[in-house]
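The values are calculated or read from the model by the stated rules, or taken from the named source; none is laboratory data. Quick caveat: nothing in here was measured; it's all calculated off a predicted structure. Neighbour counts run over all protein chains shown; Cβ positions are idealised from the backbone, glycine included. Accessible surface areas use protein heavy atoms only, side chains included; no ligands, DNA or RNA. Shrake-Rupley method; radii C 1.70, N 1.55, O 1.52, S 1.80 Å.
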Amino acid sequence: TSAALALLGGSVAALVVWKRLGKKVIQKKMEEARKTRDEGMKKMAKAVQQFREQVPSVQTDAILSLPLLELAARLREGSLSPRTVLYTYLEKALEVTQQTNCLRHFIPECEEQLQEIQQHKEKGLLYGIPVSIKDHVGHKGHLATCGLVQCLGTLMEEDSVLVKVLKRQGAIPFAMTNVPQSLFSYDCSNPIFGQTLNPFNPQKSPGGSSGGEGALIAGGGSILGIGSDIGGSIRLPSSFCGLCGLKPTAQRLRWVLGLPSQPSSWSIPCAVGPMARDVDSLALCMKALLCQEMFQLDPSVPSIPFNKEVYSSSTPLRVGYYDTDGYFPLPPCMRRAVKETRGALQAAGHQLVPFSPPRIPYVMTELFLKTFFADGGRAWLDVFTGGIVDPGLKPQVNSCKMPRLVKKLLALLLKPLVTIRPHLKDIATISTCRSVKEMWSHHHQIQVYRSQFITRWKELQLDVVLCPVLGPAFTTGYPGKLLTAISSTMLYNVLNFPAGVVPVTTVTEADEEELKLYQGCCDDPWDRTLKQAVSGAVGMPVAVQCVALPWQEELCLRFMKEVETLSRDQ
């Protein structure tokens, strides 16, 4: 017996030592990643300084203030050189990341790409345009970390299709931007590269998961960025940072690799799309990407070029609208934005029709969250090497770690409350798919819901829909406390409809006063948490969401352009 106890004691001690050694190895990996990033920053700063010494007369502010279309035209005609534009944006990006920590890495190969594009016979649509890309949009020779330690050892062997097409169109990918750990958050923080801040207010989050893109573009350090969206990850940073962002139909562009733990791409697919300062920039990017090169490199992308006629049409639209989805009550300023935009559209000659999206509590819990946590979150938990979890994800991680019996008891206890307050539903209480048959049934339910939604849309003969988006920017750390607040964006991932965000106004003192009276659904802890998350946002951007049917990105962008024009005229 004593021998057995001694053996057991020795095993426990060995396990403790092994864990400590493991933690040390992980810490070292993280430190090396930060060191590599910082060295890259120094190299870029040096390159910028050398350029400055060679060309001291550059009109930096004039270049940075040019809209994308004008900048592209000047580069193509030769009145601005790609070299001047690249170094101007590199310098600005360095400044923005010092304030916001938005960059994960500079791409030193941008200097090679600069030489490459000048040898092309034809100038592509994005000739000489510096482009930033989200952390996991693969670039040859660089990491795609997803904010995870386990991804720090593997460099991409080749450019992703998206990067190849951007380069073919003359663009210069120059920076990779920060993301939340595992991409499963609408904040922007990970244990390796830290927290990214909102350029308009350092107390606020830039949103996520394309939060590094949001902060960099809003701060003026990039003119065009590529993000990805599986629950709002392009649209939420666009809302929080006052940008225009488009989540296309997922299969319209080549998808990028996510994590092994992410749900099957045929249930709720991840979409890749552009983020920029205006709608015309998004349209130019889509036009550039939807080219022969894209269709040849990835035959699974439908060969549908960008339809300029639809985008430039001025035919009056039949617009469905709603200012709440009946699931998670949004702050007063977000509903005001929909109301004012609705009035402006009506005055401009468009037809406005009330529209109510069906069964959002069911969509959120039974379709969206159940897709992600079909296995109770076990695959997702596997990505957290060495148990290193960002504070913003701890509530979700702890919920997933609960024993099944505890989860069942919790679900039972919360059942009466969930009936009144559907968004009280915690990850721990989501029913899992216990068999392959249940999984098939789950996928079928998603298809049935899509079909019902399209039927309702068609019955009302709608062209597009105007609706709210979550905002204004949350205080950092709060997105992790309110996972289910993303119902406004999540819906269009489940449906796989193109959806975009346009900033239309800003938070006023009157909005802030009205927020004090905000009670949400029941004035309970969740409502009060939302109130705390969005308070202190005077002057921050307020956006609306524009939606079209699948494969109608051009119509969605045309509607976004209309909303943008009307909001600027007000």
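Here are a few things to note about the model shown:
- Nearest-20 debye value, the range 107-179 charge dipole, Cβ charges on Lys, Arg, Asp, Glu: 260 debye
- Distance in nm between pseudo-label sites at Gln452 and Glu112 (7 Å out along the Cβ direction from Cα): 5.3 nm
- Using a cut-off of 32 Å between Cα atoms, the listed pairs Lys24/Lys437; Lys28/Lys140; Lys247/Lys531; Lys35/Lys287; Lys164/Lys531 include Lys24/Lys437; Lys35/Lys287; Lys164/Lys531 as exceeding that distance.
- Over the range 158-289, relative contact order from alpha-carbon pairs under 8 Å, at least 6 apart, %: 22 percent
- Take every Cα pair under 8 Å whose residues are at least 6 apart in sequence, average their separation, divide by the length of the chain, and the relative contact order is 16 percent.
- Per residue, the solvent-accessible area of the range 56-179 (1.4 Å probe, heavy atoms of protein chains only, all protein chains present) comes to 39 Å².
- Positive-end residue, the chain charge dipole about Cα centroid, Cβ charges, pick of Pro468, Ala374, Ile63: Ala374
- Kirkwood hydrodynamic radius computed over the range 139-281 comes to 15.2 Å, based on all pairs of distinct alpha carbons.
- By accessible area, using a 1.4 Å probe on protein heavy atoms only, the chain has 55% of its surface on carbon and sulfur.
- Positive-end extreme of charge dipole, the chain - chosen from Leu330, Ser313, Pro525 (charges on Cβ): Pro525
- Relative contact order, percent, the range 116-184 [alpha-carbon distance under 8 Å, six or more residues apart]: 41 percent
- Longest stretch of the chain clear of exposed loop sites (trypsin sites (Lys or Arg not before Pro), DSSP loop, at most 12 other Cβ atoms within 10 Å, sites excluded): 122-433.
- Ordering Phe355, Gln118, Asn190 by the projection of their Cα atoms onto the charge dipole of the chain, which places +1 on the Cβ of Lys and Arg and -1 on the Cβ of Asp and Glu, puts Asn190 at the extreme positive end.
- Radius, Kirkwood style, for the range 303-391 when every pair of distinct Cα atoms is counted (Å): 17.6 Å
- Extension gain for Thr529-Asp382 works out to 50.0 nm (0.36 nm per residue, less the C-alpha to C-alpha distance).
- Three-way shape call for the range 94-201 based on the alpha-carbon gyration tensor, with the a/c threshold at 1.5: prolate
- Dipole check for the chain: with +1 at the C-beta of Lys and Arg, -1 at the C-beta of Asp and Glu, and the Cα centre as origin, the magnitude is about 1580 Debye.
- Here the Debye sum runs over all C-alpha atoms of the chain as equal scatterers in vacuum, and log10 of I(q)/I(0) at q = 0.06, 0.07, 0.10 Å⁻¹ comes out as -0.29, -0.40, -0.82.
- Taking all pairs of distinct alpha-carbon atoms in the range 429-570, Kirkwood radius in angstrom: 17.7 Å
- Charge dipole (debye, nearest 20) of the range 259-375; +1 at Cβ of Lys and Arg, -1 at Cβ of Asp and Glu: 420 debye
- Full extension of the segment from Gln99 to Gln119, taken as 0.36 nm per residue of separation minus the current Cα-Cα distance, would add 3.6 nm.
- Given a 1.4 Å probe and the protein chains as shown, Glu213 ends up with an accessible area of around 0 Å².
- Shape of the range 161-212, Cα gyration tensor, a/c cut at 1.5: prolate
- Only helical runs count toward this figure. For the chain, summing -39,500 (n - 2.57) over DSSP H runs of n ≥ 4 and dividing by all residues gives -14000 deg cm²/dmol at 222 nm.
- 20 Å reach of a label modelled at Asp38, 7 Å along Cα-to-Cβ, counting backbone N of the range 176-216: 176-179, 189-197
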